[in-house]
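To keep things clear, I will list the structure first and then write my remarks on it.
The values are calculated or read from the model by the stated rules, or taken from the named source; none is laboratory data. What you are looking at is a predicted structure, and each value in this text was computed from that prediction instead of being measured. Virtual Cβ from ideal backbone geometry, glycine too; neighbours counted across all protein chains shown. When the accessible area is computed, the model is the full protein with side chains, heavy atoms only, and any ligands, DNA or RNA have been set aside. Shrake-Rupley method; radii C 1.70, N 1.55, O 1.52, S 1.80 Å.
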Amino acid sequence: DLGSSTGETISLLLQKHSRKKNVRFIGVEESLPMIEIARKKCSSELVQFLQQHIEEINELANIDLVLSLYTLQFLPLWKRKKVLQRIYNGLVEGGAFIFVEKIRAENSLFEDIWNDLYWDFKQENGLNEQQVIKKAQSLRGVLIPLSLTENLSLLSDVGFQCMDTFIKWHNFAGIIAVKMPSKNDIEENTYLNTDKNNKI
């Protein structure tokens, strides 16, 4: 889990797969106070939290699932692509990358509509207008959203061929991308299977 924060997502996954002993959960988070909370929340030998910035991760190998919830959107675009490439390279074939991001609308008309609805949602949930504005100002130049199409294109650029959007709510989207066997691997397996059949 890249940007694991206080470990809530890993805690839920740990509960879901509590009977399994052949799994390992790794949270990556740069904030030590958050990691300390996460370690208390997920006290299990199956869980490990690393204090590290996600762009500094070099070793990703034989991973079945990578999660990134509202994390990549804070990286500059060139660093984002670098992290995505490492994720793709580190996944096993059939492994998946799931991420949720704030996104830009494909059309400026909808950009205004989604932002207005999101601001309304915040105020309906207890924030006043000044707090909403202050939060928006704090994210200027820090949060860099892409459109849904641009996110899918970025995934394609690093090698993903099988992708889908599993949720879209106003200016937020969740995407799953699966690492499929390469064309060369498929052709090689087809050749081997054909060769075996011929011998039979």
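Quick look at the numbers
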{"item": "Size of electric dipole in the chain: Cβ of Lys, Arg +1 and of Asp, Glu -1, about Cα centre, debye, nearest 20", "result": "560 debye"}
{"item": "Helix axis angle, 108-124 relative to the chain longest principal axis, alpha carbon, degrees", "result": "70 degrees"}
{"item": "Where the chain is the region considered: accessible area per residue in Å², 1.4 Å probe", "result": "64 Å²"}
{"item": "Accessible-area composition of the chain, carbon plus sulfur, in percent [1.4 Å probe]", "result": "52 percent"}
{"item": "With Cα atoms, 0 to 90° folded angle of helix 129-138 axis to the chain main axis", "result": "50 degrees"}
{"item": "Degrees, to the nearest 10: 77-90 long Cα axis against longest axis of the chain", "result": "30 degrees"}
